[in-house]
1. With more than 24 Å from A:Leu242 (Cβ to Cβ) and of a type in the set (Val, Ile, Thr) as the only criterion, which of B:Ile245, B:Ile272, B:Ile240, B:Ile226 stands out?
2. Could you check region B:49-63 and list, in sequence order, the residues that are more than 9 Å from DNA strand D (Cβ to nearest atom) and within 7 Å of chain A (Cβ to nearest Cβ)?
3. For region A:41-71, how many residues meet the condition of being more than 21 Å from the chain's Cα centre (by Cα) and over 24 Å from B:Ile50 (Cα atoms)?
4. Against the condition under 17 Å from the mean Cα position of the chain (by Cα) and either within 29 Å of B:Gln87 (Cβ to Cβ) or surrounded by fewer than 20 Cβ atoms within 10 Å (Cβ to Cβ) (or both), how does B:Val282 come out, does it pass?
5. Restricting attention to region B:96-150, and to residues there that are small (Gly, Ala, Ser) and more than 11 Å from every other protein chain (Cβ to nearest Cβ), which single residue is farthest from A:Ala91 (Cα to Cα)?
6. Can we say B:Thr186 is modelled with pLDDT of 95 or more, part of a helix (DSSP H, G or I) and of a type outside the set (A, V, I, L, M, F, W, C)?
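The values are calculated or read from the model by the stated rules, or taken from the named source; none is laboratory data. What you are looking at is a predicted structure, and each value in this text was computed from that prediction instead of being measured. Please note: Cβ atoms are built from the backbone with ideal geometry, for glycine as well, and neighbour counts cover all protein chains shown.
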Protein chains: 2
Amino acid sequence: MVTINEVAVEAGVSPSTVSRVFSRPEVVNSVTRQRVTEVADRLGYTPNRIARSLAIGKSGNLGLIVPDIANPFFAHLIKAVQVEARQAGLALFIAETDEHRLDEYPLVKAMAKQVDGLVLASPRMSDSQIRELVEIAPIVLINRKLRGVQSVLIPSADGMRQAVDHLAALGHDGCVYLAGPRNSWTNLQRRSAIRGACRRHAMSYTEMGPFEPRFESGVRAADPLIAAGATAVIAYDDVIALGVISRLSEREVRVGREMSVIGVDDSPLAAIACPPLTTVRVPAAKAGAVAVRLLLDLLAGRDANGGLPTELPTDLIVRSTTAPAPAAR
Amino acid sequence: MVTINEVAVEAGVSPSTVSRVFSRPEVVNSVTRQRVTEVADRLGYTPNRIARSLAIGKSGNLGLIVPDIANPFFAHLIKAVQVEARQAGLALFIAETDEHRLDEYPLVKAMAKQVDGLVLASPRMSDSQIRELVEIAPIVLINRKLRGVQSVLIPSADGMRQAVDHLAALGHDGCVYLAGPRNSWTNLQRRSAIRGACRRHAMSYTEMGPFEPRFESGVRAADPLIAAGATAVIAYDDVIALGVISRLSEREVRVGREMSVIGVDDSPLAAIACPPLTTVRVPAAKAGAVAVRLLLDLLAGRDANGGLPTELPTDLIVRSTTAPAPAAR
DNA sequence: ATGAAAGCGCTAACAT
DNA sequence: ATGTTAGCGCTTTCAT
């Protein structure tokens with residue numbers, strides 16, 4: 001491995017000069033700079049980021065923790081974070097908790113030591129654990145609210161309300177909510193928004209779950225749904241909704257006829273599904289991008305947004321899985 | 001930040017002892033160890049991984065480069081790599097090239113310096129660039145073949161042959177291939193397998209493209225397909241296939257009747273689609289897991305698999321988008 | 001504009 | 001079993 005010193009002797013300058021050429025080129029004489037870069041190229045020298053990190057006390061890395069990489073919502077979130085981080089010249093560490101609440105904390109803690117900042121997407125760990133992490137590295141939360149910690153929130157209350165209004169307008173006199181992970185902030189938000197809207201419309205509210213956000217959860221949920229005589233269901237997310245639809249079709253209940261189904265996320269899946277899924281659009285990519293920008297502000301000492309949570313809006317996208325209630329037809 | 005030295009003085013031992021307690025606990029007297037860990041806890045000390053990396057010359061990190069994080073194929077690949085890396089106690093850097101061939105090399109090179117090994121998934125860069133990277137860090141390639149570089153390959157020839165056989169059995173007298181990215185090894189494999197199989201069946205072979213693996217590419221491809229009077233089409237991947245189906249439905253050509261469509265990947269999308277997509281199953285997760293294991297072997301000096309490429313099999317999954325040729329009915 | 005020297009936090013011979 | 005010492009490769013005062 002070729003170091004700064006070898007370049008220095010070869011170019012007939014001191015190590016400091018070589019260092020400057022790579023960190024603050026403008027302060028070194030252009031002809032010296034020229035010579036140094038030329039030698040560096042010839043020797044194939046490139047700075048050792050780790051040594052650099054140790055010296056300046058910053059890693060140039062960001063960390064991102066998500067529950068499930070393959071879930072389309074998080075996949076798009078990751079993508080946006082990656083793009084934004086790169087734009088800022090930062091590399092991205094990524095880790096998945098796989099919805100395993102227990103491993104989450106040690107995992108994140110280990111990562112926190114080697115990054116300049118951390119984005120936690122829908123973390124399941126306790127408030128106090130998050131507080132401890134904040135001591136180690138600047139943190140931005142996505143879909144989790146905690147006093148004194150910067151966050152970007154997608155409350156989805158608007159979208160859920162729109163969803164229930166939509167159902168009410170179609171004449172449904174009740175709806176069931178297929179709940180997501182028990183401790184998820186997002187789930188709590190959705191649940192209470194739906195419940196509130198149902199009350200306002202004098203619709204009955206039933207809850208099933210909790211379900212992990214997987215396709216299989218949805219297929220598992222479908223039969224109880226039929227048994228309960230439901231006519232309308234809102235799932236925690238698109239993935240679950242799609243599972244429901246799949247099983248419903250197998251059971252020969254026509255979705256968008258006998259049963260109305262609404263998902264959340266508007267992942268690409270939703271538009272492709274059959275029938276196309278009515279869903280609440282959630283700005284995943286936007287959330288990721290905003291989170292990174294907040295983190296960057298934090299790192300730069302700009303006090304981002306006055307420490308207030310940034311809230312992103314949601315909206316109902318009506319497609320073909322919702323229809324008038326059978327009784328109302 | 002509390003360092004090893006502060007712990008040392010507080011515990012009345014030398015820094016080396018503290019260091020040992022954290023790296024090779026078994027070599028230090030259990031009572032000293034006890035005292036040190038206790039002090040460390042009290043002071044909230046945790047080792048600085050960056051300093052450690054510099055000292056031992058290894059980072060404990062793996063890097064993964066993918067063209068598109070949100071593509072389900074890569075999403076599942078990433079997930080498997082992440083799981084496998086974590087199991088080995090390694091953190092994972094991830095970067096996306098977004099199918100931008102130009103940025104790819106510098107990006108990867110920067111990452112190569114701070115990881116112990118690299119997995120390149122479907123890289124688009126040139127052979128010589130890859131060769132240069134191999135000088136910097138151990139590398140395992142996925143779906144790219146290069147003499148002297150370890151790789152895991154999914155040639156998909158079997159699957160494509162099965163796909164064409166299937167079409168032939170349904171009475172189609174030709175098929176069109178919606179090609180993927182021009183320089184992609186995978187695309188070349190698929191193309192030649194399809195072409196070969198068509199020749200064997202005396203079927204006509206037509207190619208359109210290249211297309212980036214996106215839904216929109218597929219919708220764009222559909223009209224020319226109709227115009228060309230095609231009865232059967234094999235898309236580079238599921239995502240494109242789904243786009244085709246979507247546009248075909250809009251144009252009111254019934255998929256699985258007038259037109260047969262086959263995808264590749266068997267992403268979750270395929271089963272959910274409408275109608276369910278006939279597709280060639282590609283073991284994305286398996287590929288990721290195997291790649292990490294090969295990399296680990298490389299790092300350990302075990303010469304993995306004799307340096308031979310590991311090949312993973314593919315198989316046709318027949319669902320509902322393929323049907324007898326209209327003429328043959 | 002450049003150089004000398006100290007140090008970032010940890011590890012690894014080598015001694016004891 | 002533990003301490004001493006000398007780095008790992010880079011940055012950064014402080015001089016010049």
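1. Exactly one residue qualifies, and that residue is B:Ile226.
2. B:Arg49, B:Ile50, B:Ser59
3. Result for region A:41-71: 3.
4. Numbers: under 17 Å from the mean Cα position of the chain (by Cα): yes; either within 29 Å of B:Gln87 (Cβ to Cβ) or surrounded by fewer than 20 Cβ atoms within 10 Å (Cβ to Cβ) (or both): yes.
Yes, satisfied.
5. For region B:96-150, the residue satisfying everything is B:Gly148.
6. On the way: modelled with pLDDT of 95 or more: yes; part of a helix (DSSP H, G or I): yes; of a type outside the set (A, V, I, L, M, F, W, C): yes.
It is true that B:Thr186 is modelled with pLDDT of 95 or more, part of a helix (DSSP H, G or I) and of a type outside the set (A, V, I, L, M, F, W, C).
Residue by residue, here is whether (1) free of Cβ contacts under 8 Å to residues at least 40 places away in the same chain; (2) under 21 Å from A:Glu311 (Cβ atoms) holds:
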| position | (1), (2) |
| --- | --- |
| A:Ile154 | no, yes |
| A:Asp158 | no, yes |
| A:Val164 | no, yes |
| A:Asp173 | no, no |
| A:Asn183 | no, yes |
| A:Leu188 | yes, yes |
| A:Arg191 | yes, yes |
| A:Arg199 | yes, no |
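Conditions (1) more than 19 Å from A:Gly209 (Cβ to Cβ); (2) out of contact with any helix residue (DSSP H, G or I) (no Cβ under 7 Å at 6 or more places or on another chain); (3) not charged (D, E, K, R), marked per residue:
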| residue | (1), (2), (3) |
| --- | --- |
| A:Glu132 | yes, yes, no |
| A:Leu153 | yes, yes, yes |
| A:Ser156 | no, no, yes |
| A:Ala169 | yes, yes, yes |
| A:Val176 | no, no, yes |
| A:Gly180 | no, no, yes |
